[in-house]
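The values are calculated or read from the model by the stated rules, or taken from the named source; none is laboratory data. Treat the numbers as computed from the prediction; the structure is a model and nothing was measured. Reconstructed Cβ throughout: ideal geometry from the backbone, glycine too, with neighbour counts over all protein chains shown. Note: accessible area is taken over every heavy atom of the protein model, side chains too, but ligands, DNA and RNA are not part of it. Shrake-Rupley method; radii C 1.70, N 1.55, O 1.52, S 1.80 Å.
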Amino acid sequence: MKGANVLLGPGLNVHRIARGGRNAEYISGESPYLGQRLAPAFVRGVQSQNVLAVMKHFIGNSQETNRFDSNSIINRRTFWEVYYPPFVAAVDAGVAAAMCSYNFVNGKQACDNPDILLSDLKGQMGFEGWVMSDWWALRNFSAHAGCDQEMPGTANPGQKAQFSDKKLATLADSKVDNMVGRMLRMMMRNGLFDRPHCTPPHCDKQLYEVQASSPEHKALSRELATKSVVLLKNQGQILPLGPSIKRIALLGSACDAAHDLHHLFSSWDQGDYYVLGGSGRVVGVDAVSIRAGLHSHCSTRGCEVIVSVTDDVSLAMEAASGADVAILCSGATTTEGKDRDSLSVDQQSFMVLASRAISIPIVSLTIAPGSVLMPWANDVEAALLIFLAGDYTGLAFADVLFGVTNPAAKLPVTIPKFESDTIAPCKESDCHYSEGLHAGFPAFEGKDVTFPFGHGLSYSSFDYKLLALTNRTPAGAPSICDDAVMCITVRITNTGSFSGGEVPQLYMGFPRGIGEPPRVLRGLVATKPMEPSFSEDVTFPLRRRDLQIFSEASDQWLFTDGRFDLYIGSSSRDVRLNAAFAMCNGFASLDVGRD
């Protein structure tokens, strides 16, 4: 409809740096498995619409600090077990293109690095698409290193074009055929010649004048925003707000955050509480603030909203006097080109002081671009969080606050207790990934956190029951188990009084002594909404790759012998069921002995 036939996404980098400026773009969160599960659906969904997906940023692009010159030093085991899996999954799903990143990798610029582009990406991963550079990322003529396209392909006074006619003419015809053939293959495979919307360069009308938004798109945007609200805390089941709540004190500047289009369009890297800054932003026109969202609901429910949208604690206390509940709002922003200064929200002092000073029940609402600190969490009865959610932010919060929607979302990142427990952006030229496999949520193992990876509550409660743990496919087993080494089936029962869904998660511990984190994510399933007392059986298949480690000595995946522990629950730390099995010479057994 808009004429564009390439989408510069998905962003797949695993969150290593909690303050990373582009973490909001990266769907893997703190787990390679999460990215591995989400990437194929993204790729197939985009490309089903005759639009080519571009996975990025390949690879080691964990921070914005010194992003053009930093050198990510990563060993091969860490590459294959932590940072490559989401990209491998996108390749297996048929992703059309990969974008190489600005940074250096083990001493070579990522777009001029045959080790990662030719050997790993096009070699071992079997990638059939083409590699494009990030904008002005090339330092050299990198065709022989595996880069197929220079973007944006035009020179400027500060940057010469590397893929010039003169340099391209030095390539053998077979090399040019390979580079162009990779692009044509993906264009033909995904129907770009079958359904052309316009012919370049005559696409300005479609790109800049066609209104692509529709009522259906807007309804879906609101649904997705609402489903993304995470219920972090609900002490005493204060939520959802019922008909007895007549007066609501809405407190803090973030409750009525501006969406200033003039300011946003003054620079490409401006963001706010509704959209990140940078090249990946999509700026909506009619962002609904939390204040507007609550007013919309209260206008039909008969509740009154008393507003103090400053960060003055005295005014907040005055507004809260006589109210039935207080809602405190906070937020943080992020942008491409720099990492966040800290994990604190912009209103941290206000949130801490107001939550201690106000005596009525308090609900905190936080708009986050990734991990944030929430030092007020122990001083409020309930807490909700939403990641940058666009136009329907305020309505999404209100839908969950009033129980129109029962939350089921889970955190893709950790909410740490202390910023010092996270990996800070590297300021040196050489950035050693010395934590190895213990990146993402495993970095917090053994540390106290405010809310762990995978956490997210519901207005319902759920019971977990282990139904089956088998190393063979029994009659009647789900087809998902057909190629599994082990298959685990769990019954989830809604034991609450609300209709709702759960997202049970499977974590696995490898045998001890081989350098793996104590737990890694190996399964997640979103149940359908269930009425009270109803159940749904979910199945977690464990396939060969799930049980293997990458050997640097042999440069291949290998099984390891020993005991594998399984942890099934509602988050990485809310474990409801335990089980175990053993591996010996590549075969699974339920006869579990000692390590």
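What the table shows:
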| read-out | value |
| --- | --- |
| Built amide H within the under 5 Å cut-off of E304, gap 5+ | R247, I248 |
| Inter-label distance, nm, simple model (7 Å from Cα along the C-beta direction), Q556/T170 | 3.8 |
| Whole-angstrom Cα spans of segment 1-138 along principal axes, big to small | 41, 28, 28 |
| For the chain, projected area of the alpha-carbon convex hull averaged over all directions, nm² | 29.1 |
| Segment 145-274 pair-distance distribution - Cα-Cα, 5 Å bins, rounded % | 2, 6, 7, 9, 13, 12, 11, 10, 8, 7, 6, 5, 3, 2, 1, 0 |
| Mean separation of Cα contacts under 8 Å (6+ apart) over length of the chain, as relative contact order % | 14 |
| For the chain, calculated [θ]222 nm from helices alone, where every DSSP H run of n ≥ 4 adds -39500 (n - 2.57) | -5000 deg cm²/dmol |
| Residues A258 and S321, FRET efficiency given R0 of 25 Å [Cβ-Cβ distance, rounded to 0.05] | 0.40 |
| Potential lengthening between A357 and V592 on full extension [0.36 nm per residue; Cα-Cα distance subtracted] | 79.2 nm |
| Percent of C-alpha pairs per 5 Å bin, segment 347-393, short to long | 5, 21, 31, 21, 13, 8, 1 |
| Distance in nm between pseudo-label sites at A155 and E445 (7 Å out along the Cβ direction from Cα) | 5.3 |
| Alpha carbon centroid spacing (whole Å) that separates segment 125-185 from segment 264-298 | 36 |
| Convex hull volume per residue in cubic angstrom - Cα atoms of segment 433-492 | 168 |
| Contact order relative to length of segment 280-409, as percent, for alpha carbon pairs under 8 angstrom and 6 or more apart | 32 |
| Neighbourhood charge, 12 Å Cβ-Cβ cut-off, centred on S571 and excluding it, Lys, Arg +1 and Asp, Glu -1 | +2 |
| Value of relative contact order over segment 137-220, rounded to a whole percent, pairs C-alpha under 8 Å and six or more apart | 20 |
| Area of L241 that stays accessible when all protein chains are in place (1.4 Å probe, Å², to 10) | 10 |
| Charge tally in the Cβ shell below 11 Å around K246, where Lys, Arg are +1 and Asp, Glu are -1, K246 excluded | 0 |
| Accessible area in the full protein assembly, largest first, 1.4 Å probe, for V105, V592 | V592, V105 |
| Of the DSSP H helices in the chain, those whose Cα atoms cover at least 20 Å axially and whose Kyte score averages 0.0 or more | 32-47 |
| Probe 1.4 Å, all protein chains present, accessible-area order of R44, R77, largest first | R44, R77 |
| Residues of the chain: accessible area per residue with a 1.4 Å probe, Å² | 43 |
| Expected-Rg normalisation [2.2 N^0.38 Å, Cα atoms] applied to segment 62-120 | 1.13 |
| Stretch gain in nm, segment S479-L466, where the contour uses 0.36 nm per residue and the Cα spacing is subtracted | 2.8 nm |
| Surface share of carbon and sulfur [accessible, 1.4 angstrom probe, percent] for the chain | 52 |
| Per-residue HN-Hα couplings for segment 131-137 [Karplus 6.51, -1.76, 1.60; θ = phi - 60°; Hz; x = Gly/Pro] | 9, 10, 7, 5, 4, 6, 7 |
| P(r) weight above 16 Å for segment 306-421, C-alpha pairs, percent | 63 |
| As computed over segment 406-553, the Cα convex hull volume per residue (Å³) | 154 |
